[in-house]
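Every read-out reported here was derived from the displayed coordinates using simple, explicitly stated rules and does not represent laboratory data. Here the structure is a predicted model, which is why all the values come from computation and not from measurement. Virtual Cβ from ideal backbone geometry, glycine too; neighbours counted across all protein chains shown.
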Amino acid sequence: MSRIAYVNGLYLPSRDAVVPIEDRGYQFGDGVYEVCEVFNGALIDEERHLGRLARSLGELRIDAPVKPGALKIILREVLARNKVANGYIYLQVTRGVAPRDHVFPQPSVRPSLVVTARQIDPRKGEAAASKGISVISTPDLRWKRVDIKSIALLPNVLARQEAREQGAYEAWLIDDDGLVSEGAASNAWIIDETGSIITRQVDHSILRGITRTTLIEIIAAQGLHLAERKFSIDEALRAREAFITGATTLVMPVVAIDGQKIGGGVPGAVTLKLRHIFHNAAARST
Ligand code: PDD
């Protein structure tokens, strides 16, 4: 079955789904995106993803390409046309198409909207989670507004590639003070010897992950202790457990950092419990 993409008002087979070369996303990375998990036919935490999209657009002064109600219909149509029940939906908004000039187009142009969906066998994620993943650390080379979910991801791409070349799945990005910002495409967490769950506080230096936000609610409901603060790789190496969160990985155990085992090299019990609980607690919309 050919995959179907939504591009600026049209549902097209992927091979025919193209944007003009002067799209500012292509020219400048001038756009934002969201990735939302699809689980048993439902969108997970859709409202939060759409809320973050609105915020990212606002920060960059890009207009919404369509009204929220229309966007929800498009998301469902793309899922239906691709018969995706489990996997994720990707949506991207750019400032639009205009002759190349760094300055915003004047008069303004219509923002571009692209939506794609991908089916993923949930057993793959479960298999990865039962073994856990490895991460490496690498300098955080990104700009100072990574709270905006911009499509300009070159440092993230390079970090993930470095991880792959070292046999790891994710890269933890290290800020100028030697502390972990987050993963190249995930938030970073550790659990210390007292059972306290630690993740960096939100500011302009990390993306406020939707999975992170929902997991914080779960942690509170479970009566577990949370500390939102920075931590170093040294502290992470001494941690009892470690994990990452993201819409495509959910709660994914980390069993090695820079080649050194965490928690004996097997997924932590608290991490696996949080992963297990996640879907019962996250909002589902169909
Ligand atoms: N990435 N931090 C970064 C830099 C990310 O790119 C992501 C998500 C997250 C986790 O956010 P959320 O829980 O909302 O997915 C944190 C997506 C999945 C991606 O780029 O594919």
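Pairs meeting the criteria (first residue in the range 208-221 and within 12 Å of PHE278 (Cβ to Cβ), second residue of a type in the set (A, V, I, L, M, F, W, C) and near the ligand (Cβ under 8 Å from one of its atoms), beta carbons under 7 Å, at least 6 apart or on different chains) are ILE210/ALA247; THR211/ALA247. Among the conditions (1) surrounded by fewer than 21 Cβ atoms within 10 Å (Cβ to Cβ); (2) in a loop (DSSP other than H, G, I, E, B); (3) out of contact with any Leu (no Cβ under 7 Å at 6 or more places or on another chain), ILE148 misses just one, which is (3).
Look through the range 160-202, keep the residues that are part of a loop (DSSP other than H, G, I, E, B) and either β-branched (Val, Ile, Thr) or near the ligand (Cβ under 10 Å from one of its atoms) (or both), and return whichever of them is farthest from ASP140 (Cα to Cα). The selected residue is THR194. If the condition is being within 16 Å of the ligand (Cβ to nearest atom), of a type outside the set (A, V, I, L, M, F, W, C) and within 23 Å of ARG76 (Cβ to Cβ), then the range 237-286 contributes GLY246, THR248, HIS279, ARG284, SER285. Kindly check whether there is at least one residue in the range 119-127 that is in contact with a His (Cβ under 7 Å, 6 or more places away or on another chain) and either on the phi > 0 side of the Ramachandran plot or surrounded by 17 or more Cβ atoms within 10 Å (Cβ to Cβ) (or both). No, every residue in the range 119-127 fails to be in contact with a His (Cβ under 7 Å, 6 or more places away or on another chain) and either on the phi > 0 side of the Ramachandran plot or surrounded by 17 or more Cβ atoms within 10 Å (Cβ to Cβ) (or both).
The residue that is surrounded by the most Cβ atoms within 10 Å (Cβ to Cβ), among those in the range 39-74 that are β-branched (Val, Ile, Thr) and in contact (Cβ under 8 Å) with a residue 60 or more places away in the chain, is ILE44.
Among the conditions (1) in a loop (DSSP other than H, G, I, E, B); (2) closer than 21 Å to GLY51 by Cβ; (3) away from the ligand (no atom under 16 Å from the Cβ), ARG208 misses just one, which is (3).
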